[in-house]
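The values are calculated or read from the model by the stated rules, or taken from the named source; none is laboratory data. Everything numeric in this text was worked out from a predicted model, so none of it was measured.
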Amino acid sequence: MSKKSDPVIRFQGRVRSIKTLVGGGMDVTLSLSDKDIKQISRLLECKKSNALLDVSAIPMKPEVKVKVKNVKAKRIQRYPYRDQADS
């Protein structure tokens, strides 16, 4: 590891997939932001050295999207090549 004083690698990510292995183990794939380059490089160092990681995960609520009132969304025509008379 490059930083001996702070061994903790902190990042926010999403669980992309979980797969069961033949031997009974599990593979977990995480998606990280492209802004987390330093954390990704430290994780790569761990992979190269075959380090065992002590992982803790804290679930966060996803961002809440606020609906704006009195705004009509433009409806996308599903079949633009059809005339209104065909429906």
Among (1) at pLDDT 95 or above; (2) in a loop (DSSP other than H, G, I, E, B) - the single one GLU45 does not satisfy = (2)
If you scan segment 8-38, which residues turn out to be charged (D, E, K, R) and not in a strand (DSSP E or B)?
-> ARG10, ASP34, LYS35, ASP36, LYS38
Can you name every residue in segment 3-30 that is among the polar types (S, T, N, Q) and closer than 16 Å to SER56 by Cα?
-> GLN12, THR29
